1. Could you tell me which of Ser245, Gln142, Ile184 has its Cα farthest along the dipole of the stretch 133-257 towards the positive end, charges placed at Cβ (Lys, Arg +1; Asp, Glu -1), taken about the Cα centre?
2. Please give me the summed charge of the neighbours of Ala129: other residues whose Cβ is under 14 Å from its Cβ, Lys and Arg +1, Asp and Glu -1.
3. Can you spot the aspartates and glutamates whose alpha carbon is less than 15 Å from Lys303's alpha carbon? Ignore those fewer than 8 places along the same chain.
4. I want the local charge near Asp273. Using Cβ-Cβ distances under 13 Å, sum +1 for each Lys or Arg and -1 for each Asp or Glu among the other residues.
5. Could you point to the residue in Leu198, Gly236, Val214 farthest towards the positive end of the stretch 170-251's charge dipole, with +1 and -1 charges on the Cβ of Lys/Arg and Asp/Glu respectively?
6. Could you compute the net charge surrounding Met315? Neighbours are other residues with a C-beta less than 9 Å from the C-beta of Met315; K and R count +1, D and E count -1.
Amino acid sequence: MKTDSNVPATENAVRSKLRRRSIAVTAIVLLAAGLALARHWMGPSLPGYRLETRPLVQTVVASGRVITISRVQVGSEITGVVRERRVEEGDVVAPGDVLVVLRADDLAAQVRAAEAALSQLERSTRPQAEVALREAESRLAQADREAQRRRDLFERALIARESLEQAEEALIVARAAAEKARLIAAALAPGGPEETQLREQLANARAALEKTVVRSEVAGIVLTRNAEPGDLVQPGRVLFEIARSGDTEILVPFDEENLSRLAVGQRAVCIADAYPDRPFPAELSFISPKVDPERGTVDVRLKVVPAPPFLRQDMTVSVNVETGRRDSALVVPNDALFGIEGDTAYVLAVRGGRAARVRVTLGLRGPSLTEVVAGLEPDELVLAAPSGAVAEGDRVRVREQPLPVSPAPPAATRESRSTSLD
C-alpha cells in the first residue's frame, strides 16, 4: 500500500489560512467597534448652518386695490325723464361737461311765462301806472284849487257851507287817489318789489330748467353710469360715478401684526395681477388711525406717482413694502430658532463639539432668514430644527447645509418677509 506524503502539508496550509481569516475578521470587528465608539463619543451627525453676513431687505407683503383720492356721485336734483345721455364709462370729463339732459317742456313753459310777466311789467303795467299817477296828481291839483276857491267864496259869504264841504271832500278823495297811484307806481318802478318778485320767479324757473342739464362738477373719469334715454330719474338716484382727477393710490389692508414695521415714506414695489411683468414703484403715504376689529387689519394707502397707464380703478395689486434694509447683516435661518419671545430667541450653537443653548437678539425678520443683532458671531455653527433629542452639552457633529435664499415674496399673503440680496 502506497502512502501520500503531502497530507500533513495540506492540513498545515488549511490551518494557516483559517488562522489568517480569523485574525482579519477579528480586526474588522475591532475596527467597527472602535468606529462606533468614536461616533458615540463624538455625538450624532445633525444638519446645521455656518453663519455669515449678507445684505438683507425686509418687506411686508399684502394685496390691495387701486383707488383715487375721491369719487363723486352725480345725480339729478329734480324728477324727470332722460332725453339724452352724452358720456360712457371711461370717458374723461371736465368741470361743466354735460352728462345727461332731461326732458323739460313744463319747466321751459314756466320760464317763458316768467319772461312774459316781466316783459308785461316793463312794457305795459309800469307805463300805465305812471300815467295813472300823473292823472291822479292832476286831479289832486285841480281839487285843491277848487277847494281854495270855494273857501275864499265862503269867507265872503258868497256860497253856502255845504258847497265848501263838498269841495273839501272832493280834495280828500283826490288826495287819497293820488297817494294810491303813487304807491302803485313805486311798487312797479324799476327795482321795486313787483319787478324784484318777477325777476326772482324768472331766475327760479331758469334754475329749474338748468337742472334738467346734469353736468360734471369735477374733472375725472366716468366709472359707472346708470341712466339711459327714457329712464325716469329722481333726486337721490346716482346716475354717474366719477373718479376725481389726481394722484392714484393703492388701498391695502395690512395685518395689524405688521403695524409696528410700517411708516409713512417707506418705499414699495407694486405688481398688478393683470400685468405681472410690469412692476411699478409706490410710496406709503397714509396709515389709518384705527384697526378693523373684525378683520384684524389696518388700512394703508400708497401713492403712485406717476401712475402707469394700464392701471384701472379697483384693479387688484400686490404690494411689497420695504420696511427695513441692512447692507451687511448676520443672518440665521428661521428653522434654527426656538423659544421666540418678542425680539429674543434661542439657538443651539455648536461650540467645542458640544451643543450650547444661546440666547440671541433678533433684528429684521422674515420667513426664511432673520438678522441676529447679538449673541452669535460670523462663522459659528448652529443646528437646524433643534429637537428634544439634543440637549445642551451633548456632543454633536454638524452636517453643514447651505443658508436658504429667500424667494421673491408671493403676492397673495399678508406677512413680513426678509429677502437676501446675495
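1. Comparing the listed Cα positions along the dipole, Gln142 ranks first.
2. -2
3. Within reach: Asp247, Glu249, Glu283, Asp314, Glu322.
4. Once all neighbours under 13 Å are counted, the net charge is +1.
5. Leu198
6. Taking every Cβ under 9 Å from that of Met315, the sum is 0.
Bear in mind that the values in this text are calculations on the coordinates, not laboratory data. Just so we're clear, the structure is a prediction, and the values are computed from it rather than from any experiment. Here the Cβ is made from the backbone with ideal geometry for all residues, glycine too, and neighbour counts use every protein chain on show.
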